[in-house]
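A.B. asks: Submitted below is the structure of interest, expressed as structure tokens.
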Amino acid sequence: MPSPITGTVEHTPIPAPSLPMIPIARPLIGEEEQEAVRQVLASGALVQGKRVAEFEARFAEAVGVRHGVAVSNGTLALWVALLAHGVGPGDEVVTSPFSFIASANAALYVGAKPVFVDIDPDTYTLDPDAVREAITPRTRAILPVHLYGGMADMDRLTAVADEHSLVVVEDACQAHGAALHGRRAGSFGTGAFSFYPTKNITTAEGGIVTTNDDRVAEQARLLRNHGQRERYLHETLGFNFRMTELQAAIGLVQLGYLEKWTERRIANASYLSGRLAGVRTPVVRPDSRHVFHQYTIRVAAERRAAFIQRLTSLGVGTAIHYPRPIHKQPVYEKMGFVDRLPVAERAAQEVISLPVHPAVSPSDLERITGAVHAALEA
Ligand SMILES: Cc1ncc(COP(=O)(O)O)c(C=O)c1O
């Protein structure tokens with residue numbers, strides 16, 4: 001019996017009900033995860049025990065950093081990362097408006113102000129020139145998002161951060177295994193990952209903070225466990241952000257498959273990019289590994305609704321990541337955010353994500369390609 005950790009056997013997901021659609025995302029949960037969960041339940045040790053410790057060590061190793069601090073989800077990983085760096089009231093955090101809302105909310109949770117700057121139109125990641133222009137005496141942190149699994153321009157962003165002594169917190173929630181110049185996402189600054197079911201690997205809910213900074217790791221460990229190093233001795237104001245052993249057990253199995261599943265995502269993306277004509281396909285930053293959490297194309301805004309309808313009728317699932325930039329969300333508008341960020345605003349009207357996950361088969365890929373061409377001709 002091969003170790004569930006090394007993932008040397010073909011993962012056998014529990015069959016999905018026959019789906020009329022090629023789904024946009026599908027968590028791959030198999031017998032190994034079920035068995036791992038059964039073992040935890042039988043052990044009676046349910047929260048933050050040896051499996052969490054092992055998951056943290058193995059994930060940190062995969063990222064190439066000294067510490068992994070597991071928490072309950074990716075949103076909390078971002079929050080804990082900023083808190084552990086001491087980012088707080090009066091501080092500004094420069095971040096992307098084109099992301100899931102949690103990226104910017106993390107700044108609000110710590111009492112800081114998110115400062116939105118525009119994105120690069122090809123990679124959808126923070127524009128380093130715009131970041132530089134947004135720096136004020138109050139800026140404490142840059143929070144780039146490796147959106148869709150593609151790396152932000154960490155060369156230039158870390159240069160800006162170094163020049164101004166800023167903290168870098170990477171939102172790597174979509175970027176497990178992504179790399180730039182061979183260096184993994186989550187190792188340039190302090191990283192925050194999510195293991196939500198649609199992510200490249202899952203623990204149902206789950207998250208982790210990755211860092212090489214011993215002090216940040218120590219703070220993060222205190223924060224996620226009510227400020228206690230020693231039981232019932234609370235050194236600082238903390239929270240219950242702990243990961244369960246059930247989540248870690250699932251995560252350890254999934255981690256064994258991360259490389260293989262990532263290669264499949266990359267191969268699927270490469271097939272699609274090789275055959276899709278007439279739409280803008282994803283741009284991969286030079287010398288980087290894009291892990292295709294999403295495969296996102298662009299069509300003209302006025303055609304998008306009909307395009308999606310046609311794909312749906314042809315059995316191809318789609319999603320829009322994201323239909324409204326964060327600064328245009330009602331909750332941000334109510335807080336008085338009035339930015340004009342035309343690149344992000346335009347992308348929000350034009351992007352469409354297509355299925356790229358490891359369960360997409362060669363025949364699915366053919367169907368997706370055919371459907372996109374049919375939708376273009378309509
Ligand atoms: C870019 C990004 N940031 C943050 C999060 C938050 O992660 P979670 O859903 O695990 O809280 C997600 C995922 O949902 C995400 O995609």
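A.B. asks: Within region 251-270, can one find any residue that is of a type in the set (Lys, Arg), surrounded by fewer than 18 Cβ atoms within 10 Å (Cβ to Cβ) and outside any helix (DSSP H, G or I)? Working first, answer last.
C.D. replies: In the first step, residues of region 251-270 are kept if they are of a type in the set (Lys, Arg); the result is 260, 264-265.
Now narrow it down to the ones that are surrounded by fewer than 18 Cβ atoms within 10 Å (Cβ to Cβ): 260, 264.
Restricting the remaining residues to those that are outside any helix (DSSP H, G or I) gives none.
No, the conditions are met nowhere in region 251-270.
A.B. asks: Can you pull out the residues in region 330-368 that are assigned to a loop (DSSP other than H, G, I, E, B), within 19 Å of the chain's Cα centre (by Cα) and surrounded by 22 or more Cβ atoms within 10 Å (Cβ to Cβ)?
C.D. replies: Once the filter is applied, which keeps residues that are assigned to a loop (DSSP other than H, G, I, E, B), within 19 Å of the chain's Cα centre (by Cα) and surrounded by 22 or more Cβ atoms within 10 Å (Cβ to Cβ), region 330-368 yields Pro355, Val356, His357.
A.B. asks: If you don't mind, another one. Can you go through Val291, Val299, Val279 and tell me which one is open to solvent by less than 40 Å² (accessible area, probe 1.4 Å) and modelled with pLDDT under 95?
C.D. replies: Matching residue, one of Val291, Val299, Val279: Val279.
A.B. asks: Do you know which residues across region 75-105 are outside any helix (DSSP H, G or I) and of a type in the set (Ser, Thr, Tyr)?
C.D. replies: Thr95, Ser96, Ser99
A.B. asks: Could you please find all residues in region 64-87 being away from the ligand (no atom under 13 Å from the Cβ) and either at pLDDT below 95 or open to solvent by 10 Å² or more (accessible area, probe 1.4 Å) (or both)?
C.D. replies: Result: Gly64, Val65, Arg66, His67, Leu83, His85, Gly86.
A.B. asks: Would you be able to say whether some residue in region 93-111 is away from the ligand (no atom under 16 Å from the Cβ), touching a strand residue (DSSP E or B) at 6+ places or on another chain (Cβ under 9 Å) and open to solvent by 10 Å² or more (accessible area, probe 1.4 Å)?
C.D. replies: No, region 93-111 contains no residue that is away from the ligand (no atom under 16 Å from the Cβ), touching a strand residue (DSSP E or B) at 6+ places or on another chain (Cβ under 9 Å) and open to solvent by 10 Å² or more (accessible area, probe 1.4 Å).
A.B. asks: Would you say His327 is surrounded by 18 or more Cβ atoms within 10 Å (Cβ to Cβ), modelled with pLDDT of 95 or more and part of a helix (DSSP H, G or I)?
C.D. replies: For His327, the condition - surrounded by 18 or more Cβ atoms within 10 Å (Cβ to Cβ), modelled with pLDDT of 95 or more and part of a helix (DSSP H, G or I) - is met.
A.B. asks: Which one is nearest to the ligand (Cβ to nearest atom) among residues in region 146-197 that are more than 10 Å from the chain's Cα centre (by Cα) and among the hydroxyl-bearing types (Ser, Thr, Tyr)?
C.D. replies: Thr190
A.B. asks: Please work out which residue is nearest to the chain's Cα centre (by Cα), limiting yourself to region 293-315 and to residues that are away from the ligand (no atom under 16 Å from the Cβ) and not in a helix (DSSP H, G or I). Walk me through how you get there before you give the answer.
C.D. replies: The first filter runs over region 293-315 and keeps only residues away from the ligand (no atom under 16 Å from the Cβ), leaving 297-315.
This time we only want the ones that are not in a helix (DSSP H, G or I), so: 297-300, 314-315.
On the way: Ile297: 18, Arg298: 20, Val299: 24, Ala300: 26, Leu314: 29, Gly315: 26 Å.
Among those that are away from the ligand (no atom under 16 Å from the Cβ) and not in a helix (DSSP H, G or I), it is Ile297.
The values are calculated or read from the model by the stated rules, or taken from the named source; none is laboratory data. Here the structure is a predicted model, which means the values were calculated and not measured. Reconstructed Cβ throughout: ideal geometry from the backbone, glycine too, with neighbour counts over all protein chains shown. These accessible areas exclude ligands, DNA and RNA; they are computed on the full protein's heavy atoms, side chains included. Shrake-Rupley method; radii C 1.70, N 1.55, O 1.52, S 1.80 Å.
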